[in-house]
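Colleague: Provided herewith is a single structure, encoded as structure tokens, for subsequent inquiry.
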Amino acid sequence: MPSASSRPRGLLAGLVGLQLGLAADLGLFPQPARSDLRWARGVFPIVHFAGYTSHFGRRTGPGGGREMHSGLDIAAPLGTPIRNWWGGTVADVFHDSGCGVGVVIRSGEYEHMYCHLGGTVLGDTYASGPVLLRRGQQVRASQLIAHVGMSGRTTGPHLHWGIRYRGTWLDPGLILRAMVRGRRLQPQSPQQFSQGRK
Ligand SMILES: [Zn+2]
């Protein structure tokens, strides 16, 4: 579990004990816009959040043409730890010219992809510092799975985070909002939690 000091602005406070749900549960609520307590189990993947550099959807590409951006770009310093959004199985590790070094985790009907990572891919294994991920391996929510790098097509260190549901890319921004709403629905809010520990 993340230590208190590593939590980004309290966003993840109060999540202890909520990450034990079966990944298959995710398939029960495919609409991220819906208010649902279960979304609160999701974990924001960047420990040291610096800002968003590119949103999901159509954008102007480096060549000036319009292109579809299938994820959310989250700026962070090189080497920033990346945590797993939802418990699941390592579906793929790869290195290509666009995504660079990439990891895909499958959680039920969802796949979440992490691009431009540091570290290396050798065969079916991704390695970065203490992290070793092999295809088929189980990973917990919030588990350290990678580090921010500059591999692939990128002009600066950031995480490209993509989420697919049954093969269709979703806007991770909507999912983040659903996670925040889910947290507000929790009987014990993070504020109450910290007040109780004074
Ligand atoms: Zn991107």
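None of the figures in this text is laboratory data; all of them are computed from the coordinates on show. Fair warning: this is a prediction, and the values are worked out from it, not measured in the lab. Glycine gets a Cβ as well: all are built from the backbone with ideal geometry, and neighbour counts include every protein chain shown.
Colleague: Go through segment 64-82 and give me each residue that's more than 15 Å from the ligand (Cβ to nearest atom), within 23 Å of GLY149 (Cα to Cα) and surrounded by fewer than 21 Cβ atoms within 10 Å (Cβ to Cβ).
Modeller: PRO77, LEU78, GLY79, PRO81
Colleague: Which one of these does VAL103 not meet: (1) in contact (Cβ under 8 Å) with a residue 24 or more places away in the chain; (2) more than 16 Å from the ligand (Cβ to nearest atom)?
Modeller: Of the numbered conditions (1) in contact (Cβ under 8 Å) with a residue 24 or more places away in the chain; (2) more than 16 Å from the ligand (Cβ to nearest atom), the odd one out for VAL103 is (2).
Colleague: Still on this model: When you look at GLY98, is it within 16 Å of the ligand (Cβ to nearest atom), in contact (Cβ under 8 Å) with a residue 12 or more places away in the chain and surrounded by fewer than 14 Cβ atoms within 10 Å (Cβ to Cβ), yes or no? First the steps, then the outcome.
Modeller: Details: within 16 Å of the ligand (Cβ to nearest atom): yes; in contact (Cβ under 8 Å) with a residue 12 or more places away in the chain: yes; surrounded by fewer than 14 Cβ atoms within 10 Å (Cβ to Cβ): yes.
Judged against the criteria, GLY98 is a match.
Colleague: Turning to a different aspect of this structure: Could you list, in sequence order, all residues of segment 131-169 that are within 16 Å of the ligand (Cβ to nearest atom) and more than 18 Å from GLY42 (Cβ to Cβ)?
Modeller: The initial filter retains those residues of segment 131-169 that are within 16 Å of the ligand (Cβ to nearest atom), namely 146, 148-164, 169.
Matches in segment 131-169: VAL148, GLY149, MET150, SER151, GLY152, ARG153, THR154, THR155, GLY156, PRO157, HIS158.
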